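Colleague: Have a look at this one before I ask anything.
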Amino acid sequence: GIPAEPFVPLVGQLPDIRRANQTDTSIEYRTKQVQKHGYIFVSGFGPWTRLWVMEPGMIADIYGRTHSHD
């Protein structure tokens, strides 16, 4: 039930991520992903799958509430 980028065998979204890094638009690339999928989504990073969590409350739960100000 987690939104995801389309599955691409072996390379995933690595070419898109690399292109964004080369053109210095990596923040814009992530912002588009958040606008498209929300603060939690899955994408391919080469042959690996990555779960992106950008929801502040959930990040505080992951790192512990004592570091929620970070």
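The values are calculated or read from the model by the stated rules, or taken from the named source; none is laboratory data. Computed from a prediction, not measured in an experiment: that's the story for all the values here. Quick reminder, even Gly has a Cβ in these numbers, built from the backbone with ideal geometry, and neighbours come from all protein chains shown. These area figures cover heavy atoms from the full protein model, side chains too; ligands, DNA and RNA do not enter into them. Shrake-Rupley method; radii C 1.70, N 1.55, O 1.52, S 1.80 Å.
Colleague: Would you work out the charge dipole size for the range 1-56 about its Cα centre, treating the Cβ of every Lys and Arg as +1 and the Cβ of every Asp and Glu as -1, and quote it to the nearest 20 debye?
Modeller: So the dipole magnitude of the range 1-56 works out to roughly 60 debye.
Colleague: Set the Förster radius R0 to 35 Å, insert the Cβ-Cβ distance between residue 61 and residue 21 as r into 1/(1 + (r/R0)^6), and round the FRET efficiency to 0.05.
Modeller: 0.75
Colleague: Give me the orientation-averaged projected area of the Cα convex hull of the chain, in nm², one decimal.
Modeller: Projected area, direction-averaged: 5.4 nm².
Colleague: Once every DSSP H run of n ≥ 4 in the chain is given -39500 (n - 2.57) and the sum is divided by its residues, what mean residue ellipticity at 222 nm do you get, rounded to the nearest 500 deg cm²/dmol?
Modeller: -12000 deg cm²/dmol
Colleague: Averaging sequence separations of C-alpha pairs under 8 Å and six or more residues apart, then dividing by the length of the chain, give the relative contact order as a whole percent.
Modeller: 34
Colleague: Enter the angle in degrees (range 0 to 90, nearest 10) between the Cα long axis of helix 26-37 and the first principal axis of the Cα atoms of the chain, meaning the one along which they spread out most.
Modeller: 80
Colleague: Of the beta bridges DSSP finds with both residues in the chain, what % are antiparallel, to the nearest 5? Walk me through the numbers on the way to the answer.
Modeller: Values: 7 of 8 bridges.
Roughly 90 percent of the DSSP beta bridges within the chain come out antiparallel.
Colleague: Comparing 40, 17, 59, which has the greatest mean-square fluctuation in the GNM of the chain with Cα pairs linked when under 10 Å apart?
Modeller: Sorting by GNM fluctuation, first place goes to 59.
Colleague: Calculate, for the chain, the solvent-accessible area per residue in square angstrom, rolling a 1.4 angstrom probe over the heavy atoms of the protein chains.
Modeller: 77
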